[in-house]
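Asks: For reference, the structure I am asking about is given below.
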């Protein structure tokens, strides 16, 4: 979505005026002060129009300053409105989905369910949903299995399987059952459903200030009071010095000095942060969670699905002594042709790609299926009995396993892989190395995290040997092998006791306690209701690697806040040099050298500073919404960079900007 | 400016640099070590004094208990000093038979010394008896400095200590810190320094004033007294209250070039050393040196500007055809000259000492602005004994908060998170200065009881008003002179200014220490905001200048800045 989409901008303009309501303005003390100043100068303007006084500030000056002060308030309102508008647009899409649905509620003692409106469903009710019907509310499947279209929520068009029991039992209101029949126990009252929460979150209705935002507000209010003192006391000091300072000038100085830039953009930055997460299909239940994501020190990552693809894949063929590798490859492929498991398919793919063999015509081959007893599968082709399976099972079948193959199998086990033996009749041809394949690019990602000072810990149910091998390959810092939910919980608590913040993903009900304990718990949308309620974020795509992006969004949010605060405060230097000489030059013309920007006149100098101060808010809205560019570097490098751009830049930019505006004003003849 | 002038400044800087480490390590041993030095001698004194206070096994206090102890102790001392001044006429050790001090002046002076300010609205040699000087005032010279160290230690402990298992470890014990500061540091060092000063010609006697016949045959009264003993702690404790009105410009207080150097070194000695002590407490010496570096940058900038400004005669005198080589010598001791006067003025206002060896009022406008800016930075350029460290630590908290977010983490310092409560306290601390300095200067500038005390009108008059409140609020105590501060209004208002500038800032500082103490420390990693190195030092300097000094830029513009440009045009108001 473009930063300024016309529809959103139109709505935001109206909203900017609606936000002039003092009750809304008062929530932002910095902008409230600007508004009070604007009211004050407006009053002066009215007075001057009604009863012009000689020697006062010219009417055009008071008028122009007043107008730009109002613009300052409106621009800040606009920034917030645009940020909210982008969320609202999404909320509206979601709301359309929540059309009146009909539910078929199970009534105890009756054979047929009664038909009621979804709005009447309460927690604990049982409903029956059949193919083609819309799920009336959030809940858990207690009976049956169905394929469900969740595209309305996730944007993912491929249907997903939901079934009772296990970790894929939850369904979300608004999604559509495509096949079969399920019975669902409703888990949320109307208005509390996932969809409702999502809508209120993206609309910013339930948005509360985060701890860091509150602290930042305290700083901004403190600075505002300091500058209020500076400006108010300047009046008597001026009287002593014989300098008459008009209220318009004092208000202009005050508004330029108080941190209006960050004050005006702060809430937009916060809303935009949640919004950026939403765009990645992650819903944060609170702004606090997004902020915590930036602070995370340790990531707990499930091996399966996050670090590895989850399926073991054939990676290598090892022929036994005296066997041609082509013979092994052919046998391995033939034994796997009827094997529809991912392992089986991966063997066929490997042989096709690496040895350029195509499956022969098999004619009257008989396929032998895998069973738990034989632990082998394969095919019988005439006199040939081709088998592949567990090493000892194939050994027994073939009447002995050659020593070299046995040794190679041991090595594969040591490296964290799984060996499969292939035999043709009584002849053992060799081994297939099945391996947990680490996702592409994951190693580089972990490197980036290391640079940022975040430790990654892989959690797996594998034995320590396997875990170690995969951990080394993926480049994680540490691993937790043979992990149980209790182990995971203990690890989180241990890290937290050291003052560290922990993030994790989870989907199962047994993950719920750990998700609740972790500082950032991202629940998978496919997960159970319990998991979703325990976490403070939900990933609609159910992609565990998303955790990495969540952390980046959190960091980006904090960086944007810090950069704009620094920029705002650094701006003051130039504004002093623009306004102070202008204020005093009338009485003390000797201080002209202080007017280092060479501004045309006192009035144009003050007006230029006020205009710059207002425009900079508009100029920075895209940055506030987009966030500063995030780079995976160490803190020292990021700081150097940001200080150069926002600190030094913040000192220089207003000198150039104010001078430019002054030149324009002069060209327009307004001096 | 001369090579010899710069050389003398360089010597001073090198001496301070050399002293910082050993003295800082000694202070760490005294306050945080397991075994204090000289247990047989000083240890007995310490235990004896503690027993005298009824503290056999002193327990760690919470910050609130510490603050209450500190306030009660300070207020009691203030009251005793007030009574001594009022009653000095009937008390012993009053060889000149001086009468009791009037109430407003006694209040002003008691507040002044209890707050480590040593603003003197009176002429000491004709107002205060020897007893008042030795018991009433010198008491505060020692204790107010020790209190300052204690407060700095509380803030440092809060930032560097790990919380106890229940999250509630104490911040130290006020009486232990106070007594250790006196017994191991201030009293023995002052005793040694006093002897050195006597060897250089500083007087030390309980005799009355001495009448002498001058070479021209005229009569002159030479004021005498126990000067050397007062002088040592006046510098070491960054007090600055002189035995004589002329302060360190008086030959009996500061007789030679050597004593001049010694006195300046003594002002910076403890404040500089405390940065090293802090590094020890943080278990990372770089954390201390970065503060030292930031302070040094601000100090060198001040000294350079002041020396440059004073090395040129006042521009307004350009047409008088006087030699320009010696610079602006008006109001300076020729014994010290321009370089040592500019250096002394910078040192005494960077640290909240306030001793002077030249008239700041007679400096050129920009030269005189340097002391004003120095104090209004918040007395953090080495600063008062203890006050400099806790002051700069508040600025560090502020800096980390403003810039820390830029690395993508919520702000943390030494592994501890800085949150809303600390920000609230830091802003309360920051607000005190503009509130009292700008507020009261503005009041005085438009009220007859304010302006009637002025000797000068126009911008220079405003500088005099501003300087008085900056000096009072900053607990500096140096005077711009040119202002008759011994009126009832000035005595009361400045007395309150000094109390506010001390205690309204100490309490939030202690509270920051208390709040930080409860926080867990996270071991820093590559993602942590770096608080060492040149980048952080530069950032800290920028925040101190922008938040601290720029606040006063508008007021200064109407004072010294305008005066400077007027002088450039050959105008004098």
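Asks: Given a Förster radius of 35 Å and the C-beta distance between residue A:404 and residue A:280 as r, what FRET efficiency does 1/(1 + (r/R0)^6) yield to the nearest 0.05?
Replies: Efficiency for this residue pair is about 0.10.
Asks: Shifting gears a bit: Under 13 Å from a label point 7 Å along Cα→Cβ of residue A:463: give me every residue in the range A:392-426 with its amide N that close.
Replies: A:410-419
Asks: Jot down the per residue volume, in cubic angstrom and as a whole number, of the convex hull over the alpha-carbon atoms of the range B:149-247.
Replies: Normalising the Cα hull of the range B:149-247 by residue number yields 122 Å³.
Asks: Limiting things to C-alpha atoms, what are the Rg and the maximum Cα-Cα separation (Dmax) for the protein assembly as shown, in angstroms?
Replies: Reported Rg and Dmax, both Å: 38.6, 143.
Asks: A further question follows. Need one value for A:234-246: mean number of C-beta atoms belonging to other chains within 10 Å of its residues' C-beta atoms.
Replies: Counting other chains' Cβ atoms within 10 Å and averaging over A:234-246 gives 5.
Asks: With 10 Å bins from zero, work out the P(r) of chain A over every alpha carbon pair and list the percent per bin.
Replies: Distribution as computed: 3, 13, 17, 17, 16, 13, 9, 6, 4, 2, 1, 0 percent.
Asks: Okay, moving on. So, in nm, how far is label residue B:103 from label residue B:200 when the simple model puts each one 7 Å beyond its Cα toward the Cβ?
Replies: About 4.3 nm separates the two model spin labels.
Asks: Measuring from label point to label point, each 7 Å out along Cα→Cβ, what is the residue B:523 to residue B:25 span in nm?
Replies: Going from the residue B:523 label point to the residue B:25 one covers 2.7 nm.
Asks: May I ask for the angle, rounded to the nearest 10°, between helix A:342-355 and the longest principal axis of chain A, with both axes built from Cα atoms and the value confined to 0 to 90°?
Replies: Here the helix axis deviates by roughly 90 degrees.
Asks: While we're on this one: At a Förster radius of 30 Å, what calculated FRET efficiency corresponds to the Cβ-Cβ distance of residue A:364 and residue A:426, to the nearest 0.05?
Replies: For R0 = 30 Å, the calculated efficiency reads 0.85.
Asks: Can I ask one more? Please compute the Kirkwood hydrodynamic radius over the range B:341-468, one decimal place, Å, based on all pairs of different Cα atoms.
Replies: It is 16.7 Å.
Asks: Estimate the FRET efficiency between residue A:645 and residue A:383 by the formula 1/(1 + (r/R0)^6), using the beta-carbon distance for r and 60 Å for R0, to the nearest 0.05.
Replies: It comes to 0.20.
Asks: Provide Rg over Rh for the range A:410-487; use the alpha carbon set for both Rg and the Kirkwood Rh (inverse mean inverse pair distance).
Replies: 1.13
Asks: Taking the Cα centroid of the range B:397-450 and of the range B:499-550, what is the distance between the two, rounded to the nearest whole Å?
Replies: After rounding, the separation between the Cα centres reads 10 Å.
Asks: How high is the relative contact order of the range A:488-596, in percent, with contacts defined as C-alpha pairs under 8 Å that are six or more residues apart?
Replies: Relative contact order here is 16 percent.
Asks: Now, a different point. Working from the pairwise distances between different alpha carbons, so that the mean of 1/r is found and then inverted, what is the range A:27-112's Kirkwood radius in Å?
Replies: Final number for the Kirkwood radius of the range A:27-112 is 17.6 Å.
Asks: For chain B, calculate the relative contact order in percent as a whole number, restricting contacts to Cα pairs under 8 Å that are 6 or more residues apart.
Replies: 20
Asks: Follow-up question, since we're still on this one. Average partner chain C-beta neighbours within 10 Å, per residue of B:524-533?
Replies: The mean count of partner-chain Cβ atoms within 10 Å per residue comes to 6.
Asks: Along each of the three principal axes of the Cα atoms of the range B:20-283, give the extent in whole Å, ordering the values from largest to smallest.
Replies: That works out to 77, 39, 32 Å along the principal axes.
Asks: Angle between the Cα long axis of helix A:442-451 and the longest principal axis of chain A, 0 to 90 degrees, nearest 10?
Replies: Helix A:442-451 sits roughly 40 degrees off the main axis of chain A.
Asks: How much length is gained if the chain between residue A:21 and residue A:517 is pulled fully straight, taking 0.36 nm per residue apart and subtracting their Cα-Cα distance, in nm to one decimal?
Replies: In short, 174.5 nm is gained.
Asks: If each residue of separation counts as 0.36 nm, what is the full-extension length gain between residue A:214 and residue A:660 once their alpha-carbon separation is subtracted?
Replies: Between residue A:214 and residue A:660, full extension yields 157.0 nm more.
Asks: When you look at the Cβ of every residue in B:557-567, what mean number of other chain Cβ atoms sits within 10 Å?
Replies: Across B:557-567, the average partner-chain Cβ count within 10 Å equals 5.
Asks: Pop a pseudo-label 7 angstrom from the Cα along the beta-carbon direction at both residue A:179 and residue A:7 and give the gap in nm to one decimal.
Replies: Label at residue A:179, label at residue A:7, 3.5 nm between them.
Asks: Right, something else. Roughly speaking, what is the centre-to-centre gap between the range A:286-322 and the range A:395-464 when only Cα atoms are used, to the nearest Å?
Replies: 15
Asks: Right, next: To the nearest 10 degrees, how steeply does helix A:403-414 sit against the main Cα axis of chain A, on a 0 to 90 scale?
Replies: 20
Asks: For the range B:385-568, what is the Kirkwood estimate of the hydrodynamic radius, computed as the reciprocal of the mean inverse distance between distinct Cα atoms, to one decimal in Å?
Replies: Across the range B:385-568, the inverse of the average 1/r is 18.2 Å.
Asks: Using only the Cα atoms of chain B, construct the convex hull and provide its projected area averaged over every direction, in square nanometres to one decimal.
Replies: 26.5
Here, each number is a calculation from the coordinates, and none is a lab measurement. Predicted model only: the values in this text are computed from it and were never measured. Neighbour counts run over all protein chains shown; Cβ positions are idealised from the backbone, glycine included.
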